[in-house]
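**Student:** Below is a structure I'd like to ask you about.
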Amino acid sequence: MSEMPEQALWSSCKYCGRHVHTEQWGLFLRCPFCGFPKRLTVEQRIEMTFDPDSFQKIDLNIKSKDQLHFKKYADKLTKAQQKTKHDEAITIGTAKIGNHLVAAGIMDNQFMVGTLNTTVGEGIRQIMEAALEQRLPLVLFVTSGGARMQEGIFSLLQMNTILAVQERLLDAGILNINILTDPTMGGASASFAFNSDYVLAEDHAQIGFSGKRVIEQTSGEQLPDEFQSAEYLLEHGQLDDVIQREKLKDVLQQLLDLHTAGDQNG
Amino acid sequence: MANELEQKLKLVRDVNRITGQEIIQQLFHQVLELHGDRINHDDPALFSGIALFENQPVTILSVDRGTSLTERIEKNGGAVRASGYRKALRSVELAEKFNRPVISFLNMPGADASLESENEGQSLMIAKMIAKMGQLKVPNLAVFIGEGHSGGALAFANSNRIVMFENGLFSVASPEAMSAILRKETVSEVVPMTAGKLQKMGLVDQIIKEDQDVISQVNTAIKTWLDDFNNLSSNELIKQRTEKFAHVLAYWDKMD
Ligand SMILES: [Zn+2]
């Protein structure tokens, strides 16, 4: 959080709309007025989750291109890269959580809402392959608005090709913990997000397959206010737990401890 | 949207469009439908059953939009619910156990978008079905009679071979949804979703011409698929799928 730019002293809360000062956001970036957690940058997530200075970035195999020549897609990519200082909506590497070495993937909702495209898909497969090869637990922070339309069918086919690697990972007995953060929708939600051994979610995160507006339009149904919130999904039996980010590191450490406790005995 | 695409959409969404049910009746024998997700529902949008193709037992999955207004409502316009994917998953698990190849006939918008499906884990059910189809130890074949979009169609299309009727469409989202998201841009001209373009990418393996006897073409396509895949081991089948889709993804770099 030390790297926050000067001009960002005040920012508005996405949920209640109030203007909140950097100091008021606090260490865990939670709105003091409505209690909603702010969406995080990759750096903030890394700092909050992993042991200090333990994150070792792995470079992505490929870079994003505007192959279908959509108007403005190339511009959007450049703008997102400038804004986030990342090549794409995923950052991968290895890191430590209480001395457990893990393979880590952090998706970035500030990069075109974390939409799943060729490069993001390849990044996820890359960190899964790394976890497999080094036999490291995989901790994946998921956030995605769904498949990236500008890459058409190529975005869709990330779903089955990621799942193919994830199935090998799970079959190999590697631990995979996914933490679903705001938002986790569509193509991400209906592929690797829910397919891990453990599925945790950050409080208040929006999680679902179809967007609320689409459901209202196609089914004409009245949706409850809390529909598709992490808390709502927990109530409907679809998550192992909802964890506040203040406690997330401890919970991850506990889960990792519980999966290695027998090792010392054996 | 461009005229060509509008024409295709009109054709595949027509009530008189040939359905999976008609093909099943003409090409298979001893058809036995198997209902239900074993929990609480029997999704009418998803037909699942066992039948003989020539002398070989096969598992059939079929999604169509319905051929009358009543049927269209009942079948939810071909939008498969979470319970439908649960039924499909159960069906392919049995197919694997009893060594039956799996054939899917598709003409569907995508997966159901509703409160009920969301509450019943639509995301996870689609993920499980896509994953299972990719790892399936028996051969699978997807026949796109009409359109099929999003993860809801990929759940069936994650197969060793994909055959598509010449007016068929397979896309990340329905052309209407894509146009809405990407605003004015002419989606159909730049995004590959038609049979011809998908064949060029290696995603569609064979196109069924709609000006000839389609039933006999489908018959031949199924025969050829069985001949090509019946003798492969489970590892070879899984490897073939992995290579097929890796090959398609590699096409991304080869586009202009
Ligand atoms: Zn607030």
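**Student:** Evaluate the distance, in nm, between pseudo-label points positioned 7 Å from the Cα of B:E4 and of A:H69 along their respective Cα→Cβ axes.
**Tutor:** 1.4
**Student:** What translational diffusion coefficient, to the nearest whole µm²/s, does chain A have by Stokes-Einstein, given a Kirkwood radius computed over alpha-carbon pairs, a temperature of 4 °C and 1.567 mPa s viscosity?
**Tutor:** Rounded, D is 68 µm²/s.
**Student:** A further question follows. Provide the gained length on full extension for the span A:L223 to A:F28, in nm with one decimal, where the gain is 0.36 nm per separating residue minus the Cα-Cα distance.
**Tutor:** Value of the extension gain: 67.2 nm.
**Student:** Right, here's the next one. Mean Kyte-Doolittle hydropathy of -1.0 or higher plus an axial Cα length of 27 Å or more: which whole DSSP H helices in chain A meet both?
**Tutor:** Length and hydropathy pass: A:152-171, A:245-265.
**Student:** Just list whichever of A:K71/B:K8; B:K200/B:K223; A:K63/A:K85; A:K71/B:K197; B:K97/B:K137; A:K212/B:K10 have alpha carbons separated by over 18 Å in the model shown.
**Tutor:** A:K71/B:K8; B:K200/B:K223; A:K71/B:K197; A:K212/B:K10
**Student:** Something else about it: Got the relative contact order for chain A handy, in percent, Cα pairs under 8 Å and 6 or more residues apart?
**Tutor:** Relative contact order here is 13 percent.
**Student:** Now a separate question. If you take every DSSP beta bridge fully contained in chain B, what fraction is antiparallel? Give it as a percent rounded to 5.
**Tutor:** 35
**Student:** Which whole-number value in Å³ per residue fits the convex hull of the alpha carbons of the protein assembly as shown?
**Tutor:** Cα convex hull per residue, to the nearest whole number: 154 Å³.
**Student:** Using θ = phi - 60° and the Karplus form 6.51 cos²θ - 1.76 cosθ + 1.60, what ³J(HN,Hα) does each residue of the range A:102-114 get, whole Hz, x for Gly and Pro?
**Tutor:** 10, 8, 10, x, 10, 7, 10, 6, 8, 9, 6, 6, x
**Student:** Please work out the Cα center distance from the range B:73-91 to the range B:218-252, rounded to the nearest Å.
**Tutor:** Cα centres, the range B:73-91 to the range B:218-252: 25 Å.
**Student:** Could you sort the peptides B:215-227, A:148-160, B:37-49, B:54-66 by per-residue average Cβ neighbour count (10 Å cutoff), highest mean leading?
**Tutor:** My ranking of the peptides, most packed first, is A:148-160, B:54-66, B:37-49, B:215-227.
**Student:** Compute, for chain A, the length of the dipole vector about the Cα centre, with Cβ point charges of +1 (Lys, Arg) and -1 (Asp, Glu) only. Units Debye, rounded to 20.
**Tutor:** 940
**Student:** How many percent of DSSP beta bridges within chain A run antiparallel, rounded to 5?
**Tutor:** Percentage antiparallel, nearest 5: 45.
**Student:** Considering the options A:Q67, A:F36, A:G26, tell which one lies farthest towards the positive end of the dipole of the range A:16-84, charges being +1 on Lys and Arg and -1 on Asp and Glu at the Cβ, about the Cα centre.
**Tutor:** In the range A:16-84, that residue is A:Q67.
**Student:** Report, by chain and number, residues whose modeled amide H sits under 5 Å from the one on B:A173, excluding near sequence neighbours (fewer than 5 apart, same chain).
**Tutor:** When sequence neighbours closer than 5 places are left aside, the close amide H contacts are B:S150.
**Student:** If you don't mind, another one. Considering every pair of different Cα atoms, what Kirkwood radius, in Å, is found for chain B?
**Tutor:** Here the Kirkwood hydrodynamic radius works out to 18.3 Å.
**Student:** Take B:E243 and A:I62, extend 7 Å from each Cα along the Cα→Cβ direction, and tell me the distance between the two endpoints in nm.
**Tutor:** In this crude spin-label approximation the distance works out to 1.9 nm.
**Student:** For a protection proxy built on the mean count of beta-carbon atoms within 10 angstrom, sort A:52-62, B:73-83 highest first, please.
**Tutor:** So the peptides A:52-62, B:73-83, ranked by packing, come out B:73-83, A:52-62.
**Student:** Related question: Under 10 Å from the Cβ of B:A155, count the other residues' Cβ atoms, weight Lys and Arg +1, Asp and Glu -1, and hand me the total.
**Tutor:** +2
**Student:** What percent antiparallel are the DSSP beta bridges of the protein assembly as shown, to the nearest 5?
**Tutor:** Beta bridges within the protein assembly as shown, antiparallel portion: roughly 40 percent.
**Student:** Do any of A:K83/B:K254; A:K247/B:K128; A:K57/A:K79; A:K65/A:K249; A:K14/B:K75 go past 32 Å between their Cα atoms, and which?
**Tutor:** Too far apart for the 32 Å limit: A:K65/A:K249; A:K14/B:K75.
**Student:** What is the distance in Å between the Cα centroid of the range A:213-266 and that of the range A:110-166?
**Tutor:** Their Cα centres are 20 Å away from one another.
**Student:** For the protein assembly as shown, what is the charge dipole size about the Cα centre, in debye to the nearest 20, if Lys and Arg each add +1 at the Cβ and Asp and Glu each add -1 at the Cβ?
**Tutor:** Approximately 700 debye in magnitude.
**Student:** Using a Förster distance of 22 Å, how high is the FRET efficiency between B:L34 and B:E71, based on the Cβ-Cβ distance and rounded to 0.05?
**Tutor:** It comes to 0.65.
**Student:** Under the Kirkwood approximation for Rh and a Cα-based Rg, what ratio Rg/Rh is obtained for the range A:1-93?
**Tutor:** Reported Rg/Rh (Cα atoms, Kirkwood Rh): 1.03.
Here, each number is a calculation from the coordinates, and none is a lab measurement. Everything numeric in this text was worked out from a predicted model, so none of it was measured. Here the Cβ is made from the backbone with ideal geometry for all residues, glycine too, and neighbour counts use every protein chain on show.
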